[in-house]
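The values are calculated or read from the model by the stated rules, or taken from the named source; none is laboratory data. If you're wondering where the values come from, they're calculated on a predicted model, not measured in any experiment. No Cβ is skipped: glycine too gets one built from the backbone with ideal geometry, and neighbour counts run over all protein chains shown.
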Amino acid sequence: MPRKKKLKLGNYVLAYFLGSPYKCEVIEIVDKDSYKLRMESGTILPGVKWKTDMHKKSPWYIESYLGHNEVLKSTEDMNTSQNTTNKKDLDKAIKKQKDFISGKIKNDIY
């Protein structure tokens, strides 16, 4: 695959570490040419650059772009969808609250 100039968070790249290729994910953009990568084993590689931009003494470099991790966005919060109340119960509670505020409350125990 051709070299991709600017990587984004969540992109997958083929990076070489000590001569062995590894599939890594971009977790931070350090500056315009260097990235922080996480290998599948959990090892973090700081300051990784493309092969053409790397220093001669660097033990790691990016060889190619593999793809992007698609992050799905949820339309509703899972916690609130499980803990919702019935509309009739909600109307009943609002009526009791209005009665309490106006001073018409009776000594009812739920």
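Quick grid of which residues meet (1) modelled with pLDDT of 85 or more; (2) surrounded by 11 or more Cβ atoms within 10 Å (Cβ to Cβ); (3) among the hydroxyl-bearing types (S, T, Y); (4) not in a loop (DSSP other than H, G, I, E, B):
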position	(1), (2), (3), (4)
G42	yes, no, no, no
K73	no, no, no, no
T84	no, no, yes, no
K92	yes, yes, no, yes
Original post:
Can S64 be described as modelled with pLDDT under 85, in contact with a Leu (Cβ under 9 Å, 6 or more places away or on another chain) and closer than 17 Å to A15 by Cβ?
Top reply: yes
